[in-house]
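The values are calculated or read from the model by the stated rules, or taken from the named source; none is laboratory data. Since the structure is predicted, the reported quantities are computational estimates derived from the model, not experimental observations. Cβ: placed from backbone, ideal geometry, glycine included. Neighbour counts: every protein chain shown.
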Amino acid sequence: LSHLAYAGSKKLTRLPRRTAIVAFSADEVYAIAELIRRQQGGAAVVLGALSPRTRNAQVALFQSGDVDYLVATDAIGMGLNLDLDHVAFAQNRKFDGYQYRNLTAAELGQIAGRAGRHLRDGTFGVTGQVDPLDEELVQKIEGHDFDPVKVLQWRTADFDFSSLDALKRSIETNAPVEGLTRALPAVDAQALEHLSRDEEIRSLATDARRVALLWEACALPDYRKIAPAQHADLIASIYMDLARRGHVDENYMAEQVRRADTTDGDIDTLSHRIAQIRTWTFVSNRPGWLADQA
């Protein structure tokens, strides 16, 4: 079987061909991809939030040899078979929804393990501003020696839509067995908590159907990475349209998309526009949210 070995630190511009460069924010991924494009001629980009079609097209660019570098988030550690020789970590810290933290040995190993397959050895290392990995961590990754998982986070899937308060209580249900712990509030639960204090929202969410619709609206991902209150305000606007009109205001939506449909600006500006497009793409693909679903 293949062997995974640590190759130390290398500059971004000196990484070998057939390398995946891993970062943990869309802005960083796009910035690295632009640097690789200028220096090496091209790079594929893979983020977990890309549509399956777009992600597969990017992977195909790399697999076919059209580009020799892949810049990605930890999405490459989940379900993608790639012809990789080397994985380089451009970041080893990530935001887990609540705090920035270092990746565990198991998380690093899951991603590094994309390099090499079957009988072909692979390597992993660091690049950019990341310090070299310490020897103990390297040994754990190379030897697949990871600490056992002792507790898993859990959230109920049995929601009570009989009232807004009943829904909130059901979300807070404690884990039913030892070894599970109730997960901290996710983006949807945070949005619901914020909106439940809005009297206008409460006046609309008066029956099970309307409460379920509110919870569905709260599932809108926070692609823009904005303040929770701002994200909740967008959800409120969408929900009020759905509850009163039966569909989202498509003229407003079209205007938001039109404003984002330009390629001028720096990486941060473009990333923000991409997040806007992703938000409205999600809305447009929700069954029944548009008057004309076609």
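Quick look at the values:
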item	result
Of all residues in segment 138-167 being in a helix (DSSP H, G or I), surrounded by 15 or more Cβ atoms within 10 Å (Cβ to Cβ) and not acidic (Asp, Glu), the one that is nearest to the chain's Cα centre (by Cα)	Ile141
Subset of segment 1-43 [of a type in the set (Lys, Arg), in contact with a Ser or Thr (Cβ under 8 Å, 6 or more places away or on another chain) and within 25 Å of His144 (Cα to Cα)]	Lys10
Selection within segment 250-262 - under 10 Å from Leu290 (Cβ atoms) and among the acidic types (Asp, Glu)	Glu250
Subset of segment 91-104 that is farther than 15 Å from Val130 by Cβ and without any contact (Cβ under 8 Å) to a residue 60 or more places away in the chain - its residue that is surrounded by the fewest Cβ atoms within 10 Å (Cβ to Cβ)	Gln99
Filtered residues of segment 167-189 (kept if touching a residue at least 24 places away in the same chain (Cβ under 8 Å) and closer than 18 Å to Ala219 by Cβ)	Leu167, Lys168, Ala183, Leu184, Ala186, Val187, Asp188, Ala189
Odd one out for Ala208, checked against (1) surrounded by 12 or more Cβ atoms within 10 Å (Cβ to Cβ); (2) touching a helix residue (DSSP H, G or I) at 6+ places or on another chain (Cβ under 7 Å); (3) over 23 Å from Ser25 (Cα atoms)	(2)
Test: Ala175 is surrounded by 15 or more Cβ atoms within 10 Å (Cβ to Cβ), of a type in the set (Gly, Ala, Ser) and in a helix (DSSP H, G or I)	no
Residue list for segment 202-227, restricted to those being in a loop (DSSP other than H, G, I, E, B) and either of a type outside the set (Asp, Glu) or under 19 Å from Ile274 (Cα atoms) (or both)	Ala205, Thr206, Ala219, Leu220, Pro221, Asp222, Tyr223, Arg224, Lys225, Ile226, Ala227
Criterion (of a type in the set (A, V, I, L, M) and in a helix (DSSP H, G or I)) met by exactly one of Ala75, Ala88	Ala75
Residues of segment 261-294 classified as over 16 Å from Asp27 (Cβ atoms) and of a type in the set (Gly, Ala, Ser), total	4
Failed condition for Thr13, given (1) more than 26 Å from Leu137 (Cβ to Cβ); (2) over 20 Å from the mean Cα position of the chain (by Cα); (3) β-branched (Val, Ile, Thr); (4) surrounded by fewer than 20 Cβ atoms within 10 Å (Cβ to Cβ)	(1)
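This table checks each residue for (1) assigned to a helix (DSSP H, G or I); (2) modelled with pLDDT of 90 or more; (3) within 15 Å of Ile201 (Cβ to Cβ).
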site	(1), (2), (3)
Ala229	yes, yes, yes
Ala232	yes, yes, yes
Ser237	yes, yes, yes
His247	no, yes, no
Ala254	yes, yes, no
Val257	yes, yes, no
Arg278	yes, no, no
